[in-house]
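One structure is given here, and the rest of the page talks about it.
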Amino acid sequence: MRKKWLRIVFRRRVFVILTLLIQIAFLIYFIATSSMTFRYVSWTLNGISILVCLYIINKNENPGYKLIWIFLILMAPIFGGSMYIIFYVQSNSRKLRKRMRADHERCRSLYLLPGNRLPLFEGEKGEGGEPECLPLVRYLQEYVGFPVYAHTQTEYFDSGESFFKKVLEELEKAERYIFLEFFILNQGKMLDPIISILERKAKQGLDIRLIYDDLGCFVTLPPNYREHLERKGIQCYVFNPFKPVLSSLQNNRDHRKIISVDGRIAFTGGINLADEYINAYEKYGHWKDAAIMLSGEAAWSLTLIFLRIWNVRPKKAGRIQQDDYTVFYPWKDGPSEIPSDGYVQPYADSPLDRENVAEHVYVQIINNAKKYVYINTPYLIPDDKLLSALILAAKSGVDVRIITPHRWDKRIVHMTTRSYYRRLVSAGVKVYEYSNGFNHSKTFVSDDRVATVGTSNLDYRSLYLHFECGVWLYKTKTVAEIKSDFLRTMAVSQEITLSQCRGNAVLRIIQDVLRLFAPLM
């Protein structure tokens, strides 16, 4: 059976790729032949490319994207501008953006149902009389709309195995609902037991919902998996189905990982539901990952983040009417009695709101660091803003350390990651590669006070194109645990020296070219 659906998925994948290539080839052929046949067509297409370049230059967008598109248009001025228009002028993304903006405004007050904890946080004493990270907290709460919470306990997981064990325990305790949102699902020793619990809970009358990304599961799930789940009583939404049509919307994937149990318990982090994440089989050596569990007020925020994606799905995906979010609020009869463990601020990032929330969180942590900032990331392809922040911090005497994988999952991406080592190490940033396998953790920790655990990598896709989420932590017990985990990982990692970064002239040229195309990776 497994071999059968693998063949079906492979055929679908080949069909989609071939269809896209045929569309691209047809457009290039049509434009090229038209321009050769009719001189005025060629002039018109060149004029369109010039206007598109002017539009791109003045567009509020990352400079990396501007550079690569202008470069491509200069390389092929006849059809470059037309390709940009065909690829980016999409009505679907505008409709989705409008629905999400309306839903976000509807939710702003609902995030504060547990109470406004910002005044409490403002009373915290820092070296200057107020907490150093107050601007970040205010940005996330007052501008973006993700409040800071107290009355929350946090538990950090330094491996997929410990995360999986706790998830099974908490799923069994569910009394009202279970919501799951993941980028990758793959049937096996990790996913199957979870689906069994969900099926049993659905039969007991609980509200069970699952979101998974279609492209993330393109080769890991059979095409009819949604119907398979719904027969078990599990409501399912396949996010942004991957279609053989040229569209910028296909870039916007749901890279979040969220589990909410009754709104009282929530998980997030880098761990998907597939066997490599719990080292049930070796894919790229030992899989190192991280996640966090929230118990209390802050779990409600991740629940709302899930519901907002669930409720913007198109009608053909099963949407009948929007949920009344207050129905899912878990503390209607009284406030959460969970004692405070510092302050916790979950946040989400969307490519459709033009607000790079995850990058702003990362940059603020780096800029506010006084002593150290330690970073785990599987991909290190930073834009100029992040790169400048890291270099400035290191040159200012902050101990900046970054751990990336030594064993790669995508060779071109790994080569691009290494292309940034030379500049970082020259500036005093200490870069390490995890020797035992693949480091998939996405964590920051700084000055024994601040940390974040989430789904966002340090690359263009996570920071600009994907739906992401994370949890910012202040003075919780897990801040020390995240630091300890980093140091343990560093002990089994190899430090990259400046001589290793230099390489030969050919390698440097290849890396320079790869960095030019970094926004597309």
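Computed from the coordinates by the stated procedures, all read-outs in this text should not be read as laboratory data. Since the model is a prediction, treat every value here as computed from it, not as a measurement. Here the Cβ is made from the backbone with ideal geometry for all residues, glycine too, and neighbour counts use every protein chain on show.
Key figures
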item: Taking E227, E132, E355 and counting other C-beta atoms within 10 Å, the order from fewest to most; result: E227, E355, E132
item: Per-peptide average of other Cβ atoms within 10 Å, ordering 142-152, 62-72, 288-298 highest first; result: 288-298, 142-152, 62-72
item: Efficiency of FRET between A280 and L72 - r from beta-carbon atoms, R0 25 angstrom, step 0.05; result: 0.05
item: Footprinting exposure proxy for V219, V398 (fewest neighbouring C-beta atoms within 10 Å first); result: V219, V398
item: Placed amide H near Y372: partners under 5 Å, 5+ positions off or other chain; result: D399, D447
item: Förster-model FRET efficiency, 51 Å R0, L110 and V513, C-beta, rounded to 0.05; result: 0.60
item: Pairs of lysines in region 357-520 (C-alpha under 24 Å apart; 8 or more residues apart or interchain); result: 28
item: Under 5 Å, built H, 5+ apart or other chain: amide partners of G437; result: H286, H406, R407
item: Proxy reagent accessibility, fewest Cβ within 10 Å first, across M490, M190, M75; result: M75, M490, M190
item: Derived scalar couplings ³J(HN,Hα) [region 57-65; Karplus, 6.51 cos²θ - 1.76 cosθ + 1.60; whole Hz; x for Gly, Pro]; result: 4, 8, 6, 7, 8, 4, x, x, 5
item: Net +/- balance of residues flanking S396 in space, Cβ distance below 14 Å, scoring K and R +1, D and E -1; result: +1
item: Theoretical gain in end-to-end length, V492 to N58 [0.36 nm per residue, Cα-Cα removed]; result: 151.6 nm
item: Simple label model, 7 Å out from Cα along Cβ direction - E230 to S484, nm; result: 4.7
